[in-house]
Amino acid sequence: MSTQQFPVIGFIGAGNMATALAGGLLAQGWPAPRIWLSDQHLPQLQAHAERGCRTTADNAELVAAADIVVLAVKPQVMAAVLQPLAASVQARRPLIISIAAGLSVASLDAWLGGGQAIVRAMPNTPALVQTGAAGLFAADAVSHAHRQLAERVLSAVGLAIWVEQESLIDAVTAVSGSGPAYFFHLMEAMIAAGVQLGLGEREARALTLQTALGAAQMAITADVGPDELRRRVTSPKGTTEQALRVFQEADFTTLVARAMTACADRGAELAQELGAARHF
């Protein structure tokens, strides 16, 4: 393929998520010299340089070269990172993809001088093992071609789903952004309970993790929903029914809904708190 099919993509910040996305793009055949990464922590860049990617400690140098700029720094420092780049971004007009939690399109656009094509994305940590799930929202200035590019980048490490209202990014955060932690917590509890029932920690852990993997694979490949799969493994008066009855008595469904609502609410609060730095 020609290099025209591979725009120059630059990651400002070379942490775990940027590393995952860069790795996914490389695995899909994106030429390493057309992937740039910038970071103030130079050792963070070494592995990328060894793979043939372009690396720099100068964000302005990256912006001057990039057709797509992925914002992958911590939300708390985003304003300080972006404001010095506003003139360069205005001149270059790259597609901006933000993977920083809690930062609204309005705040990002203001820090960059206004009128930018910005896609706000919420990936999750399974992207590190190429099984991520991301929600994406496009600002008004984002074209159809920009949408295709953004989806191409995020789908390099898993599933990419568009939402048409920015407020729904908070719902994405509650479902998939923070979702891995819910499953990890359930795994912890199952392992601990298995040990209490007499299994060794190693055996309880192996059985729990394989069961989680198997259940997810069944749910992904089945032609019915998780509700029907649950019914199919729940025999009347059987062992599974007894376990599920305890969950029901504890109002498990309501508990999950409360937890996810708290997560979404906090996402909205963060957007307000972090956006207040717009004019510092």
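The values are calculated or read from the model by the stated rules, or taken from the named source; none is laboratory data. These numbers were taken from a predicted model, which means no experiment stands behind them. Positions of Cβ are generated from backbone atoms using ideal geometry, with glycine treated the same way; all protein chains shown enter the neighbour counts.
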Among the residues of the range 234-256, is there at least one that is under 23 Å from THR131 (Cβ atoms), touching a residue at least 12 places away in the same chain (Cβ under 8 Å) and aliphatic (A, V, I, L, M)? yes
Is it true that LEU82 is out of contact with any Ser or Thr (no Cβ under 8 Å at 6 or more places or on another chain) and of a type in the set (A, V, I, L, M, F, W, C)? yes
Which numbered condition trips up ALA212, out of (1) in contact with a Phe, Trp or Tyr (Cβ under 7 Å, 6 or more places away or on another chain); (2) more than 21 Å from ALA181 (Cβ to Cβ)? (2)
Would a scan of the range 236-249 turn up a residue that is among the β-branched types (Val, Ile, Thr), under 22 Å from the mean Cα position of the chain (by Cα) and either assigned to a helix (DSSP H, G or I) or exposed (fewer than 11 other Cβ atoms within 10 Å of the Cβ) (or both)? no
Among the residues of the range 189-200, are any surrounded by fewer than 12 Cβ atoms within 10 Å (Cβ to Cβ) and part of a helix (DSSP H, G or I)? yes
Considering only residues that are within 16 Å of the chain's Cα centre (by Cα) and modelled with pLDDT of 95 or more, look in the range 77-117 and name the one that is surrounded by the most Cβ atoms within 10 Å (Cβ to Cβ). ILE96
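Residues are listed down the side, and each one gets a yes or a no for (1) farther than 27 Å from LEU95 by Cβ; (2) in contact with a strand residue (DSSP E or B) (Cβ under 8 Å, 6 or more places away or on another chain):
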position: ALA110; (1), (2): no, no
position: ALA121; (1), (2): no, yes
position: ALA127; (1), (2): no, yes
position: ALA139; (1), (2): no, yes
position: SER143; (1), (2): no, no
position: TRP162; (1), (2): no, yes
position: VAL195; (1), (2): yes, no
position: GLN217; (1), (2): yes, no
LEU128 vs (1) at pLDDT 95 or above; (2) of a type outside the set (Phe, Trp, Tyr); (3) buried (at least 16 other Cβ atoms within 10 Å of the Cβ): all pass except (1)
Given the residues ARG266, ARG231, ARG205, which is the only one that is among the charged types (D, E, K, R) and either within 30 Å of ALA80 (Cβ to Cβ) or assigned by TED's automatic domain parsing to the domain that holds GLU166 (or both)? ARG266
Residue selected from the range 45-73 under the condition among the charged types (D, E, K, R) and not in a helix (DSSP H, G or I), by the criterion nearest to ALA117 (Cα to Cα): ASP67
